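The values are calculated or read from the model by the stated rules, or taken from the named source; none is laboratory data. Please read these numbers as outputs of a predicted model, since none were measured by experiment. Ideal geometry is used to build each Cβ from the backbone, glycine not excepted, and the neighbour counts take in all protein chains shown. To get the accessible areas, we keep the full protein, side chains included, count just its heavy atoms, and leave off ligands, DNA and RNA. Shrake-Rupley method; radii C 1.70, N 1.55, O 1.52, S 1.80 Å.
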Amino acid sequence: MVQVPAMKRVKGRAPLSVVVAIIGGLALAGIIFTEDLRSLTEIMDKKKEKQEEEEKRTSSLPARARMMLTRPVQEATPAAKEAFDPRRCSTTEGYWAYNWTKRLPYTDQTCPFVDRQISCQRNGRPDSDYLYWDWHLDGCTLPRFDPAAVLEKLRGKRMLFVGDSLQMGQWLSFVCLVNSALHYSARTMERTTTLSVFTATEYNATIEFYWAPFLVEANSDRNIRLGAGGRVLHVDAVELHAKHWEGADILVFDSYVWWMSGSRIKAVWGAFGDDGYEELDAWVAFRLGLKTWANWVDANIDPNATRVFFMSISTTHMRSEDWGRDGGIRCYNETWPITRRGYWGSGADRRMMEVMSDVVGRMRVPVTLLNVTQLTEHRADAHVSVYTETGGELLTAAQRADPRAHADCIHWCLPGVPDTWNQILYAHL
């Protein structure tokens, strides 16, 4: 028998089966690692895409909103608030809260009725933070303005705003808010210097504005360029205006800022001409004029057929020292509300407020005094400032560079604060 010599193991070499097993294990581990790496890469890519999408979404937000999003948020359980009831809820007790998710119901580009005087964005205002603040009541929930519900409530009715240019701004705000729910073919607008009428044709409803800055008659009613020194008020006469108010289902009045053009006002009574005037303190003349208006309402308005509202003082911001900005120029370059709780500056005369409250409180016909003064006190940031017009012309670059002479800290941008006034008005409707 031929013997086969035994194979010698080569020292240091692994058996072939072991080598194959090791190679197979390494290959499997490589495949698993590759899959894990691919999955991890996909996760990172998706996370990056999501982050880029979020950055793209927030990049269009106002600068301060982006800044606020980077701040840590303290979680808190808000106290439950009751539904709005005008008999129990105060519109003066509250605070402004920034709402970066707010969807504007209109802009001064999408609503064709906003006057150029108050079209701040269209006139070149560079910031937009002032558009994203909501007024929150301390104890109640203020309902959102619902244009469809308003139009249904106004079906077959006539709503009339009466007052000055601030009231005109509120009227335009109201028109733009309801217009957002109407097809362009379902409304009309007629503008005149005295009476302007917006009609929602499908609802047979009108929302109107009548120019009467003092409510009572004055020689400046048709000549608004007449300076304060030439104005003479007929503090006991209202009929020339009031005949246009008859037949309205909802009346919304305002009157204040024109009374504050000086400490003294020229007033006449009865058949005396403009030359036989007497100079009165502004608050005295205001009381006389407001009582004349109140007497007409009491004698001519049926409270079962007509609801009457009176807007309180719309605050001005003429002294930046009031809110602690020494060296500032009125409301110029203000981009953030005054946050001090209960702030009250020099732009709203307390004595005039007392006169307003006293006269309205003594009337036979129920008149709802909508107190918007406190909430407007905080909004030094929302005036038209230098993004407005004068004499029918937009301010020039040179005029904008001189805010001490040209900044308008009386009127409000639209959209803006007047939308909140109408939110409160809607809550009372």
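May I ask for the net charge around Leu375, where only other residues with Cβ less than 14 Å from the Cβ of Leu375 are counted and Lys, Arg are +1 while Asp, Glu are -1?
So the environment of Leu375 carries a net charge of -3.
Taking a threshold of 30 Å on the Cα-Cα distance, which of the pairs Lys81/Lys153; Lys157/Lys266; Lys81/Lys102; Lys81/Lys157 fall above it?
Lys157/Lys266; Lys81/Lys157
Net charge within 13 Å of Ala294 by Cβ-Cβ distance, Lys/Arg positive one each and Asp/Glu negative one each, not counting Ala294 itself?
+1
Among the trypsin sites (Lys or Arg not before Pro) in region 241-294, which ones are in a DSSP loop with at most 16 other Cβ atoms within 10 Å of the Cβ? Mind listing them?
Here the trypsin sites (Lys or Arg not before Pro) that fit, given the DSSP loop and packing criteria, are Lys243.
Would you tell me the accessible area of Ser185, worked out with a 1.4 angstrom probe on the heavy atoms of the protein chains, in Å² to the nearest 10?
Roll a 1.4 Å probe over it and Ser185 shows about 80 Å².
Could you look at region 200-298 and say what percent of its accessible area is carbon and sulfur, using a 1.4 Å probe and all protein chains?
50 percent
Net charge near Asn204, counting Lys/Arg +1 and Asp/Glu -1 over other residues with Cβ under 11 Å of its Cβ?
Value of the local net charge: +2.
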